[in-house]
2 protein chains.
Amino acid sequence: MSGEPPDMTRMACPSPLAHHERIVLGHGGGGVLTRELIEKVFLSAFGNPILAGLGDSGILPAAWFSSGGGERLAFSTDSFVVQPLVFPGGSIGSLAVNGTVNDLAMSGARPMALSAAFILEEGLDVGLLVRIVADMAEAARMAGVGIVTGDTKVVERGRGDGLSITTAGIGLVPADLRLGSRPPEPGDVILVSGTVGDHGMAVMSVREGLGFEAPIESDSAALHGLVADLLAACPDVSLLRDPTRGGLAMTLGELVAGKGFGIEFDEGAVPVDPVVAAACEILGLDPLQVANEGKLVAVVPEAGAEAALAALRAHPLGGKAARIGRMVADHPGLVVARTPYGGTRIVPMPLGEQLPRIC
Amino acid sequence: MSGEPPDMTRMACPSPLAHHERIVLGHGGGGVLTRELIEKVFLSAFGNPILAGLGDSGILPAAWFSSGGGERLAFSTDSFVVQPLVFPGGSIGSLAVNGTVNDLAMSGARPMALSAAFILEEGLDVGLLVRIVADMAEAARMAGVGIVTGDTKVVERGRGDGLSITTAGIGLVPADLRLGSRPPEPGDVILVSGTVGDHGMAVMSVREGLGFEAPIESDSAALHGLVADLLAACPDVSLLRDPTRGGLAMTLGELVAGKGFGIEFDEGAVPVDPVVAAACEILGLDPLQVANEGKLVAVVPEAGAEAALAALRAHPLGGKAARIGRMVADHPGLVVARTPYGGTRIVPMPLGEQLPRIC
């Protein structure tokens, strides 16, 4: 362990506002200052014809979604309150885009459009806001999704925490989607798409001032491309989840809570980056409970498991995918890990907040 | 002026949580406490099959929107940070539903579904949250729209301000909608659907401790029914806006900003409740700049103006609708008011924040 945690304050951009380096209450008043903020900061970054209309709603053309094939709409939302606002591998901006895109992707939906609502604290550095908005724009571009409508509010100094962002997303669920049509059952195989705990430990290592030779980077990424490849290889996936807050332990726990089956998995088979493992050790955290922002858990039938795993591994976001365990008829409702030392332990759902403000 | 401002703290409900009267950080951790909060507070209030699935997205059935008629989707979002959280005539909960419904309605869309994302401050009274969530559920029921997906985050005490809510909404824009197909032009008539300034002064009178014989009530209401009646009577409405933050002055200013025409209106024709006018007088505020949450401004062709006005007045939310002025070729870009004393004045767009945290 060496080096310094990165200084994120260096990463702000110059303020494009005529008279303000910092956010003032008037930027939330709905008047001329709000207009300037929207035009100079948000429109210039997200610019697309739907948003630029600045109507009360973004209007999505009928051709985007009515192929007449009986598609359904997926609709999702997430608020983001991560601290610090910028961290290795991302920022609250990229997280706000990828997080909602991933919620849609886990439903098998193709993301179509996002909304973005900002609550700014009086005194927020405008350049930092610009840099975060640029991250959002880049994440949206990479995910192939437009930010088509938005809102901005400002709260007094001391009544917020710099910046929170809430995104909502609309996605199109293909009429022939088979994901979820067959509920999970004993014998099904559990796959994870890569190393766990990266996002949470990237944020925590900045917050706790841990410096490593190579900083831990958040895995924040949009997963709908990975999901598309997975479903092409194995259409009968029973269930997809992204293990964010509460980590893999929470996701597995929710899969069996109140159900007539359990989960058995091999703790040594769960991919964990060695630096993340070391950071968890230092902070006394269990990587299974640490948040991910670019990983998925798939429950697949045994017959399709090898094809599914191969598809995950062939994608740039799934190179370290692994088969970690299966659904079992024993111990219904419980998640049981086989430890690397040959024992077993029950993995509880985390009760509350191991890592506050992680997303 | 007499009486006491209402004591909003009396209005909390009992906490339905097993061990908590107040929100703790763990309620945002994505673990068991988050689950309990979602199930006992949110699901029990908003309960509908789409939300109850608790998937990463709410899935809207194809039949809701694909009549094959070339409809478009309207998509909108708003964050709500009003203080106090509860005020005469509503709360942040009803506001969060009606505000987004109205953004959709102003686009001529029929609201279909809402998302709701909550940022809770550690220490928030759970009973107060329950009461606010009940307001949301009731507003959604009255508006005929489901809350189908959501999210909850918790921030540390002192890093938020009790509660903020961000809603997003999806609405269906009929294929044959004529609203907006004809841009506003000189000669068009400007209608408002009722008294202005009610919402802002309801909030301010609580905040400033102003007590009146009859408390000023917020006008918070869902306007899509009023819009439907208006468009049935006068399909060629040029433009609809809800004059929220910045009030009527901002809305009129935006109508002509950068355009080749201006607005002339009769200040005496703008409906203002006498108690609201008195409160504005006391606080030195201009009712034209005060926020509304249940009013609309319509720009209509002269030929349809009487029918449009009659349709507004026939609706329970438009009883005090009035014709206040028109678009004119003179003074392009400017809004000019004829005062009750026979003079004229230019009405500027408010610069920033006359009334912070009003919605």
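The values are calculated or read from the model by the stated rules, or taken from the named source; none is laboratory data. Everything quoted here is computed from the prediction, not taken from an experiment. Cβ coordinates were reconstructed from backbone atoms using ideal geometry, including for glycine residues, and neighbour counts include every protein chain displayed. Note: accessible area is taken over every heavy atom of the protein model, side chains too, but ligands, DNA and RNA are not part of it. Shrake-Rupley method; radii C 1.70, N 1.55, O 1.52, S 1.80 Å.
Let's see how each residue does on (1) within 14 Å of another protein chain (Cβ to nearest Cβ); (2) in contact with a strand residue (DSSP E or B) (Cβ under 8 Å, 6 or more places away or on another chain):
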| residue | (1), (2) |
| --- | --- |
| B:G258 | yes, no |
| B:V270 | no, yes |
| B:A277 | no, no |
| B:C280 | no, no |
| B:G333 | yes, yes |
| B:T339 | no, yes |
| B:L355 | yes, no |
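Of the residues making up the stretch A:103-117, just one is more than 7 Å from chain B (Cβ to nearest Cβ) and in contact with a Lys or Arg (Cβ under 9 Å, 6 or more places away or on another chain), namely A:G108. If the condition is being assigned to a loop (DSSP other than H, G, I, E, B), over 22 Å from A:E267 (Cα atoms) and out of contact with any Leu (no Cβ under 8 Å at 6 or more places or on another chain), then the stretch A:218-235 contributes A:A222, A:C234. If you go through the stretch B:121-174 and keep only what is open to solvent by 10 Å² or more (accessible area, probe 1.4 Å), within 17 Å of the chain's Cα centre (by Cα) and facing chain A (nearest Cβ under 7 Å), you end up with just B:S164. Regarding A:R178, is this residue of a type outside the set (D, E) and either under 28 Å from A:G123 (Cβ atoms) or in a helix (DSSP H, G or I) (or both)? Here the answer is no, as A:R178 does not meet what is asked. Here A:G211, A:G253 are screened, and the one residue that is in the same structural domain as A:A308 (by TED's automatic domain parsing) and assigned to a helix (DSSP H, G or I) is A:G253.
Annotation: of all residues in the stretch A:68-82 being open to solvent by 10 Å² or more (accessible area, probe 1.4 Å), out of contact with any Ser or Thr (no Cβ under 6 Å at 6 or more places or on another chain) and at the interface with another protein chain (Cβ under 8 Å from one of its Cβ atoms), the one that is nearest to A:E208 (Cα to Cα) is A:R72. Kindly evaluate B:V86 against the criterion of being within 25 Å of the chain's Cα centre (by Cα), surrounded by 17 or more Cβ atoms within 10 Å (Cβ to Cβ), assigned by TED's automatic domain parsing to the domain that holds B:L114 and at pLDDT 75 or above. Criteria met by B:V86.
Per-residue answers, yes or no, for (1) at pLDDT below 95; (2) in the same structural domain as A:G225 (by TED's automatic domain parsing); (3) over 17 Å from the mean Cα position of the chain (by Cα):
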| position | (1), (2), (3) |
| --- | --- |
| A:T244 | yes, yes, no |
| A:D266 | no, yes, yes |
| A:L283 | yes, yes, yes |
| A:E293 | no, yes, no |
| A:A298 | no, yes, no |
| A:A311 | no, yes, yes |
| A:A314 | no, yes, yes |
| A:A337 | no, yes, yes |
